[in-house]
1. Name the pairs: first residue in region 272-287 and without any contact (Cβ under 8 Å) to a residue 40 or more places away in the chain, second residue among the acidic types (Asp, Glu), Cβ to Cβ under 7 Å, at least 6 apart or on different chains?
2. Looking at Thr435, Thr423 in this structure, which one is open to solvent by 40 Å² or more (accessible area, probe 1.4 Å), in a loop (DSSP other than H, G, I, E, B) and of a type in the set (Ser, Thr, Tyr)?
3. Have a look at Ser96, Ser134 and point out the one that is open to solvent by less than 60 Å² (accessible area, probe 1.4 Å) and at pLDDT below 75.
4. What number goes with the only condition from (1) at pLDDT below 85; (2) assigned to a helix (DSSP H, G or I); (3) within 30 Å of Glu293 (Cβ to Cβ) that Val269 does not pass?
5. Taking the residues in region 138-162 that are touching a residue at least 60 places away in the same chain (Cβ under 8 Å) and open to solvent by less than 20 Å² (accessible area, probe 1.4 Å) as candidates, determine which candidate is farthest from the chain's Cα centre (by Cα).
6. When you scan region 241-250, do you find a residue that is open to solvent by 30 Å² or more (accessible area, probe 1.4 Å), part of a loop (DSSP other than H, G, I, E, B), at pLDDT below 85 and under 21 Å from His155 (Cβ atoms), even just one?
7. Filter region 259-304 for residues that are among the hydroxyl-bearing types (Ser, Thr, Tyr) and open to solvent by 70 Å² or more (accessible area, probe 1.4 Å) and give the result.
8. Scanning for something among the basic types (Lys, Arg) and either at pLDDT 85 or above or not in a loop (DSSP other than H, G, I, E, B) (or both), does region 719-728 turn up at least one residue?
Amino acid sequence: MTYLQPRHLGSVTMDETNREAVATAVQRVAGMLQRSDQLDKVEQYRRREARKKASVEARLKAAIQSQLDGVRTGLTQLHNALCDVKDIQNSLADVSKDWRQSINTIENLKDVKDAVVQHSQLASAVENLKNIFSVPEIVQETQNLIEQGELLQAHRKLMDLECSRDDLMYEQYRMDSKNVHDMNLIRGYFGQVQGLSEELSKQLWMVLQRAMVTVRRDPTMLVSVVRIIEREEKIDRRMLDRKKQTGFIPPGRPKCWKTRMNEVLEGTVSGRIESTQSETRESDKMWLVRLLEITRKYVLDDLIVVKNMMVQCFPPHYKTFQVFFDLYHKSVSARVQELAAEDLEANEIVSLLTWVLNTYKSVEMMGHPDLQPECDVKQLEPLLPEKVVDDLLGKYLKTFTSNITGWLRKALETDKKDWQKETEPEGDQNGYYQTTLPAIVFQMFEQNLQVAAQINETFKEQVLKVCLRQMNSFLVRYREEAIAYKEEHLKDRQLPQCYVQYMIAIINNCQTFKESINSLKRKYSQSTETTQNDAAIDKLLNDVAKEGCQFLLDEVFLDLEHHLSELMTRKWLAGSHAVDTICVTVEDYFNDFSKIKKPYNQEMTSEAHRRVVVEYLKAIMQKRISFKNADERKEGADRMIKEADQFKFLFRKLSAGEGSDRLCDSISAIAEVFKLTDPALLYLEVSTLVSKYPDIREEHIVALLAVRGDASREMRQMIIETLNQNKPSSSSVSQPVFRDITVPSTTMTTMTAMTSMTVPKLLK
């Protein structure tokens, strides 16, 4: 019954499916044969359905076949996997059996292991056998090499002895670390090795103590010492690493010879600094100055030797120069503090503080060019503690005034030497030329004011007042030196080669001085009131800068003198290129003048503009030419207008579009007077000129009419008289053009003669 029930259910399901299929077929046949004409197509319908049935059966067979193939493949793979699992199981069983059998074999190899250890010890002994038997001989050879100064070879033999001893002791330690007797036996046999090591180290320290002399005479000796120390450092590291792994370390390790070397060098430097004092106050009043100068020289010379020679004897990672630099700084600091603790006189305090605050970090010592760029004085710690400085500064103010005068004079002398250089001065971050003078001067002020600020506000104010008073005197000398510099240049304009650039730097320095003074006052003064001394300094700086600008323009116009003399001449009228040359020359100079700081660069551009126009107008007033006819007047006027436009373009370019066209327009206005073809309208044109430029005078009008060449005596008189009656006031002119232009007396005489010559003609 259990097996029949599912079969019965399957047959029931098949019957239902058959009935549903028959019902569906009946419905389809009924749908096809609803009309009588469809009966003729019964055979066609039957074939179509037969084809569909055959197609479905074919697809069904293909699907069943594909499923059967997949099942067959899966069964095959499962069978293969089962076989592989059985093989692995058998292999694991064999391995387990072999492992159990090998346990007894491993236990039986203990004797072999002991034999290997013994063999290792015997191999070490055999390897060192030669050294072991010849220890006394090698010790004597090593001693002789040390005495002969052959330190590198001596160290090589010492290393061999130590290696033999250490290897034997290590093997003994591995075999039986608790066997003290055997260890002591080995140590005793090699007992002289430790003495050799100490003797060699003494020689090394002796060489290092005389390192400054040795590096000059025999640098290879110093190199040998460093190589020996490097070898010992490597051995130390290796032995310490082995100690971490095994717990064994040979006797005398680590030697730490590099640390000892640093200590010896520190002692050498300290002794070098302490040995500089050879005089006392009783024997020489300038003992401190001499002491500081000797110290400066020793330190500088030694550091130069270190930089140029000694660093080559040490590996780069030693940072030899920095080590010596720090050692010298530390020793000098200690020595200076000892001096500061003594009962110093006032001048000695000044000398000490000047040396500490200025000389030490200057180019004369730690800032010396030969020590650059390795030496960074900015990173140095102060030589004296703040409290010591505070104690000494109580006596400092009395001597400060006299000393600062000398500093300023020296700074100015140094700056004057720079003026003679054949290279251009350096530029600031904006490219403006400058010298180091302002930085040096205000660095001195700043240093002393910083020291003063550490005491109290009153002392700080007093020092600031001293600085500003000295600054006033200094600027007077600075102005005199600038004038002398210009006068010396005028004797030979080829020298100095960079006269223009350094004169620009002098001008820029004035602006830097102003800014620095204001900065000092803001930083160190509580008062905001302007004193008489402040006003004097400001005036001096403006005078120096403006005179410098004037000197530069004089330089320009010396080069333009020949070309200016060609203006308003027959050569000019015939087609001279004088104005082209003038423009090119001015623009070339102003390429350098662009390195002038504001506001002086703007003032200089305006002044150059004014002077060029004034020189052009002077050429007109000098009556270098008198036009003969209307064509010449037109040609000359057109040329003047064109050249006025050239000047406009040039100075607009130089002033970045901020220049005034009023100056150049004066040339164009005069050109219009010359260009006028109808003499009857001449008065109106001249009146227009006078209304635009009220500062024009009678002699200017007379000169213009003379250049025009066609104005009669009566017309000139009528124009002058009428203009005198109606002439506007020139007191309110903001930018006078003709005020500084004089008409040469020779020209006036010529015009008077011409007037007298025309009278008979007019009478006729």
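The values are calculated or read from the model by the stated rules, or taken from the named source; none is laboratory data. Everything numeric here is computed off the predicted structure, so don't read it as measured data. Cβ placement follows ideal geometry from the backbone for every residue including glycine, while neighbour counts extend to all protein chains displayed. Surface areas here come from the heavy atoms of the whole protein model, side chains and all, with no ligands, DNA or RNA. Shrake-Rupley method; radii C 1.70, N 1.55, O 1.52, S 1.80 Å.
1. Trp287/Glu279
2. Values: Thr435 fails: open to solvent by 40 Å² or more (accessible area, probe 1.4 Å).
Just one listed residue meets the conditions, Thr423.
3. Details: Ser96 fails: at pLDDT below 75.
Step by step, each of Ser96, Ser134 is checked, and only Ser134 is open to solvent by less than 60 Å² (accessible area, probe 1.4 Å) and at pLDDT below 75.
4. Only one criterion is unmet by Val269, namely (1).
5. As a first pass, look at region 138-162 and keep what is touching a residue at least 60 places away in the same chain (Cβ under 8 Å): 149, 151-152, 155, 159, 162.
The next check asks that each one be open to solvent by less than 20 Å² (accessible area, probe 1.4 Å); those that pass are 151, 155, 162.
Values: Leu151: 46, His155: 47, Glu162: 52 Å.
Here the answer is Glu162.
6. Narrowing region 241-250 to residues open to solvent by 30 Å² or more (accessible area, probe 1.4 Å): 241-247, 249.
Filter once more, keeping what is part of a loop (DSSP other than H, G, I, E, B): 247, 249.
Add one more test, that the residue is at pLDDT below 85, and what stays is 247, 249.
With the extra rule that they be under 21 Å from His155 (Cβ atoms), the set shrinks to 249.
Yes - at least one qualifying residue is present in region 241-250.
7. As a first pass, look at region 259-304 and keep what is among the hydroxyl-bearing types (Ser, Thr, Tyr): 259, 268, 270, 275-276, 278, 280, 283, 295, 298.
Hits for region 259-304 are Thr259, Ser275, Ser278, Ser283, Tyr298.
8. Here is the first cut: in region 719-728, the ones among the basic types (Lys, Arg) are 727.
Still in the list and also either at pLDDT 85 or above or not in a loop (DSSP other than H, G, I, E, B) (or both): none.
No, region 719-728 has no match at all.
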